[in-house]
Structure formats: structure tokens, C-alpha cells
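**Q** Mind looking over this structure? Questions follow.
Read-outs throughout are calculated quantities, based only on the coordinates presented, and are distinct from any laboratory measurement. Quantities reported herein were computed from a predicted structural model and do not represent experimental measurements. FYI the Cβ positions are ideal-geometry reconstructions off the backbone, even for glycines, and counts take in every protein chain you see.
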Amino acid sequence: MNRMSKALVLLLVSTSITGCAGYSSFVNSFAPAKQPSEVQIAAYQPKDGKSPFCEELPKPLPPAVTEVYMVMPEEGGKIGTVDVIFKDGKNAVLHGDYSAMSLAGEEQKAFVGNQAQMRELFGSAVDALPKPPIAATLYFLLGKDELTAESKAEAENIYRSFVERQAPEILIVGHTDTVGPAKRNQTLSVKRAEKVRKSLIKLGVPAANIQISGKGERELLVKTPDNTKEPKNRRVDINVR
Amino acid sequence: MMNYIKGAMLLVLAMAAFSAYADGIGKIKTMSGQVAIERGGKIITPAVGDSVYQTDKIITGKDGSVGMLFADDSRISAGPNSVLALDKFAFDSDTNDGNFDVSMKKGTLSVISGKLTQKTPGALKVKTPAAILAVRGTEFSVKVDEPEAAQEAKP
């Protein structure tokens, strides 16, 4: 043990004087001849062929980082996963918010980033992401192309969220319940869709961006027999991309 | 009879040409600064609302950015100084089957995957100079420095 502590001091001295090469040759010189225990060997075994002291030394000119990949936090708390397959056949999995990897020369480094790093690295791309498509449903009074009081109250907010979008593509599909003849319901479903279309145009959505159609009583949301009042079936579905 | 056959063939050709033309895979939804598209050997200056097509190469200038929404609801955007190719897009809207391959020469890219990866994890792939990123379903970003630029940066 006494010899070991001397060795440690010598080691520190030789490291500080001659750097890593001196350290390596020093370790090599004292290893096998004296048959020290395995524990001692292990304690002085260089990690990955390098001394723990060497890691402290500034590395000369590390290769520039050429690629960075980062998983971004998701709406709705889902956890994202990306498989990375490098050209040399190595692979890695990025899993979870800000899970990231950088590539500098041949060296791949995994790390966990944060919001600030994400902004700094990818901010302008992230800001250019389009909004997700949205869907909304508005309900109508029995036999009429007039919104229910509740839908009327919601409609304005829904419409405004469409108007805010750049180059929206809006698909409006009208439906009815099974009260009355199918043919009349077909006409009514188109009138309902038309009503929504007019409101959107009034708010400034270009007519060319809106497509409408009517499905009559053919695509019931709630399956019912014929001639059945069902408020949920008297609706207009709106999809915006 | 020959005229009829000729007419039918012309019609088929016309329809094929039309469908190839009309087959946009997505639309440009956001844009700022300089953005260009290389399509069939020509450089096009796109506008918000324009369609993008398979094999389009999207190029942004030093202040440019662009965001696209694709038929499967996946969204891809590029930041400044980016070159990005929409190599392959196949999507069956009934089954959500298909795949989407994008390759990135340089710049920054953000991706939010859509119905393709919901159906088949890994169906959306981003190829960079060093790796292939297979998206299992997520939002993620990639930054690629131009190899020449990275070398210039070295003293």
C-alpha cells in the first residue's frame, strides 16, 4: 500500500511534467513485474486508453459539429422517438423531449437539450411549421339551416381560428337527421353547408379556398331508424388545413 | 375505328398528364424571405398556398423559411440556407399506408409526423449526409452544416 501511494505521487508528477504519454509508459512500466493485485491494476487502468487526468486537458481543435438531431416536446404529452442509422452502420435511438445527438467528425454524442438550445439551433425552422389541420362541428335546428343557440355562440370563435390561418383549405360537409324525405334532406344538408360558407366569406376567407358538399341523411353520426329526430345528426362538419 | 382508338389513346395520355400535374403531395402554408423550388430542372418562385410535388427540391436563402403541410397531415419546415428534397411521397388516404422520404443537404429542418407514421412507425425518413432518421412518431428537428462550410470554419 505504501508503494502504491508513492506511485500515485510519482504518477501525478510524471503526468504534470510529461503529459499523457508519460503517464501511459509509467503505468506500463510498473504493471506486470511486481504482480500487484487485480484491484490495483484496475484502479490505474486508463479508461478507454486515456488517463482520467488527460480528460481535464484542453483538447486541441475538436472537429466542428456538422449535424444535430433533437426530439421536440409534443402537444398532448406524447413521447417522440426517432431511430438514427448512421452511414457506418451504427445506430441510436432518440426518445423523449429534447433527446438529442450531435455529430462532429466521426464522433456521435448523445445529449439531452432544452428549450433554449432548441430555439438557438432550430428556431427559424420551428417557427415556420404550419398549424395542424383542425376539425369542428356545428349543430342545427330541426329542419332548418339555422344554428342551435350553443353552436351559434361557438361559431364565431371557430370561424376566427380559421381566418387566422394562411392559405386555409376549408372543406364543409352538411348533414341532416332522418326526419322527412331523403331528397329534401339532401337539399337541406347543402343549405346548411352553404350557410357556414357564407359566414366564412363574410369574415374574409377567399371563396376559392372553400369547398362544400351535402350528404343528406346518408352519413349519420348517430345511427337511427328513418324519421327519427336526432340533434347530433343535424350538423355541419368543417375541416381546415 | 382507328380514329376511335387514337382518340381513346389521346384521352388516356391527357388524363395521365393531368393527374401527374395535379398530384400535389402538399401545400406551402408559411413562407418568408427567399424561397425557391427546383422542379424538373427549372427554378420556380413559389407563393403561399402553392402545391409541392414529389422530387421537388426546396431551397431557402439566408433569410428564408418555408413550412409545408402534406396530404397525410405531416408538416415539414425549413429554416434559412437550407436545401431539402421531397424524394418520395406515397400515401393511401383510406388505409394511411405509404411512406415519405425526405433528404436534406444542409440547413435546418423541423418535422411533425402525421398519419403515415401513426399507421407505420418509421414510414417517414429524413436522410442527412451522415445518417438516416426514421421517425416513429414525433416532432423533431435536424441541423446540417454544409461540409465545405464546416471545413472553412476549421482554422
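**Q** Would you please give the FRET efficiency between B:Ile44 and A:Thr187, computed as 1/(1 + (r/R0)^6) with r the Cβ-Cβ distance and R0 = 35 Å, to the nearest 0.05? Provide the component values of the computation, followed by the final result.
**A** Details: r = 43 Å, r/R0 = 1.23.
With R0 = 35 Å, the Cβ-Cβ based efficiency is 0.20.
**Q** How charged is the neighbourhood of A:Ile210? Take every other residue with its Cβ under 13 Å from the Cβ of A:Ile210, and add Lys/Arg as +1 and Asp/Glu as -1. Could you put the intermediate results ahead of the total?
**A** Numbers: positive: A:Arg165, A:Lys195, A:Arg197, A:Lys198, A:Lys202, A:Arg241; negative: A:Glu169, A:Glu194.
So the environment of A:Ile210 carries a net charge of +4.
**Q** What pairs from A:Lys195/B:Lys57; B:Lys42/B:Lys127; A:Lys202/A:Lys229; A:Lys131/B:Lys143; B:Lys29/B:Lys88 go past 29 Å between their alpha carbons?
**A** A:Lys195/B:Lys57; A:Lys202/A:Lys229
**Q** How big is region A:134-240 along each principal axis, measuring the range of its Cα positions in Å and listing the largest first?
**A** The principal-axis extents, from largest down, are 42, 25, 20 Å.
**Q** How high is the relative contact order of region B:25-153, in percent, with contacts defined as C-alpha pairs under 8 Å that are six or more residues apart?
**A** Values: 339 pairs, mean separation 23.7, N = 129.
Relative contact order for region B:25-153 comes out at 18 percent.
**Q** Further question: Taking 41 Å as R0, compute the FRET efficiency from the Cβ-Cβ separation of B:Ala36 and B:Thr120 and round it to 0.05.
**A** E between B:Ala36 and B:Thr120, to the nearest 0.05, is 0.80.
**Q** Oh, and also: Over region A:200-241, what portion of Cα pair distances is larger than 10 Å, expressed as a whole percent?
**A** 79 percent
**Q** How would you classify region A:65-127 from its alpha-carbon gyration tensor, with a ≥ b ≥ c the square roots of the eigenvalues: rounded for a/c under 1.5, else prolate if a/b is greater than b/c, otherwise oblate?
**A** oblate
**Q** If each of B:Asp92 and A:Ser161 carries a label point 7 Å out from its Cα toward its Cβ, how far apart are those two points in nm?
**A** About 3.2 nm, to one decimal.
**Q** Here is a further query. Rank by packing, highest mean first: peptides A:89-98, B:109-118, with packing defined as the count of other Cβ atoms within 10 Å averaged across residues.
**A** The peptides rank, most packed first, as B:109-118, A:89-98.
**Q** When Lys and Arg each count +1 and Asp and Glu each count -1, what net charge do the other residues less than 10 Å away from B:Asp101, Cβ to Cβ, add up to?
**A** Once positives and negatives cancel, what remains is +2.
**Q** With a ≥ b ≥ c the root eigenvalues of the C-alpha gyration tensor of region B:25-153, is it rounded (a/c under 1.5), prolate (a/b larger than b/c) or oblate? Kindly include the intermediate steps, with their values, before the conclusion.
**A** Values: a/c = 1.93, a/b = 1.30, b/c = 1.49.
Taking the square roots of the gyration eigenvalues as a ≥ b ≥ c, region B:25-153 is oblate.
**Q** Further question: Counting Lys +1, Arg +1, Asp -1, Glu -1, what net charge surrounds B:Val111 among other residues with beta carbon under 11 Å of its beta carbon?
**A** Details: positive: B:Arg75, B:Lys125; negative: B:Glu139.
Within the 11 Å Cβ shell, the charges total +1.
**Q** Also, I was wondering about something else. Taking 7 Å along the Cα-to-C-beta vector as the label spot, tell me the A:Asn227-A:Glu194 distance in nanometres, rounded to one decimal.
**A** 2.8 nm
**Q** Would you please put B:68-79, A:191-202 in order of how densely packed they are, using the mean number of other Cβ atoms within 10 angstrom per residue and starting with the highest? Intermediate values should be presented prior to the final figure.
**A** On the way: B:68-79: 24.7, A:191-202: 18.4.
Most protected by this proxy first, the peptides run B:68-79, A:191-202.
**Q** For region B:45-110, rounded, prolate or oblate, judged on the Cα gyration tensor with a ≥ b ≥ c (square roots of eigenvalues), a/c < 1.5 rounded, else prolate if a/b > b/c?
**A** Cα axes put region B:45-110 in the prolate bin.
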